[in-house]
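Chemist: Can you read through this structure? Questions will come right after.
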Amino acid sequence: MRATARFAAFASLSLFAGLAACNAPDAPPAPALPSAASTYTLSTADAAFLQQVDAMDLTQISIANLAATHSNSDVVKAFAATVVSDHTTNRKAVAKIATDSHLTVMDKLNAGDEAHVATFGHLYGTSFDRVFLSEIKSVQTPALTSALTTATQSGGTADIKTLAGDTTKMLQDHAIRAGDLSGAKTIKGHHHHFGRH
């Protein structure tokens with residue numbers, strides 16, 4: 001009987017301790033997990049890809065902006081405005097990925113790209129139009145095509161893959177439109193309008 005009484009007393013004591021623990025103040029909450037933006041770091045390849053795309057975007061924006069004063073064709077000016085808008089949107093996508101990874105994108109052309117843009121500065125009228133449209137058709141160099149393909153297939157994040165796919169589509173669309181305009185007789189006329197139907 002004594003052994004039974006002791007066991008019962010121990011059980012009662014354990015139950016009381018358990019109930020007391022349930023009524024104890026809550027433990028402090030676990031610290032919040034760091035956000036993906038504060039922990040993710042782009043791979044070297046992805047960071048280099050971002051830099052390459054951003055430099056290309058900035059160069060194309062700089063060249064296309066010249067059309068407003070260097071072209072005599074309304075259709076070329078309108079197309080150039082589209083080029084500026086599309087590359088500006090693309091740069092925003094690049095900047096978001098960079099910001100999320102605590103990187104910054106440059107807002108200034110490097111010396112080589114500045115020199116390339118400068119070659120358009122002395123061209124006017126049909127001369128500008130011809131070289132500008134040729135530039136648009138040749139933006140996607142073999143090196144850039146390779147970088148875009150690699151990023152689309154094996155970029156480190158979904159955002160990198162999406163950027164690569166969107167950039168490829170944009171450049172292909174621009175090249176097709178530039179090809180259409182290069183063959184349009186209205187490019188040689190001043191202030192003529194040419195629409196794609």
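Every number here is computed from the coordinates shown, using simple stated rules; none is lab data. No experiment lies behind these values; they were computed from the predicted model shown. Reconstructed Cβ throughout: ideal geometry from the backbone, glycine too, with neighbour counts over all protein chains shown.
Chemist: Taking K and R as +1 and D and E as -1, what net charge do the other residues with C-beta under 12 Å from the C-beta of residue 52 add up to?
Modeler: Local charge sum for residue 52: -4.
Chemist: Sort 72-85, 160-173, 103-116, 49-62 for me by packing, meaning the mean count of neighbouring Cβ atoms within 10 Å per residue, highest on top.
Modeler: 49-62, 72-85, 160-173, 103-116
Chemist: Output needed for the stretch 122-168: three equivalent-ellipsoid semi-axes, defined as square roots of 5 times the C-alpha gyration tensor eigenvalues, in descending order, whole Å.
Modeler: Working from the Cα gyration tensor, I get semi-axes of 31, 10, 6 Å.
Chemist: So, one more: Hey, what do the phi angles of the stretch 83-99 turn into as Karplus ³J(HN,Hα) couplings, whole Hz, using 6.51/-1.76/1.60 and θ = phi - 60°, x for Gly and Pro?
Modeler: 3J(HN,Hα) across the stretch 83-99, in whole Hz: 4, 4, 4, 5, 6, 5, 4, 5, 5, 5, 5, 4, 4, 5, 4, 5, 4.
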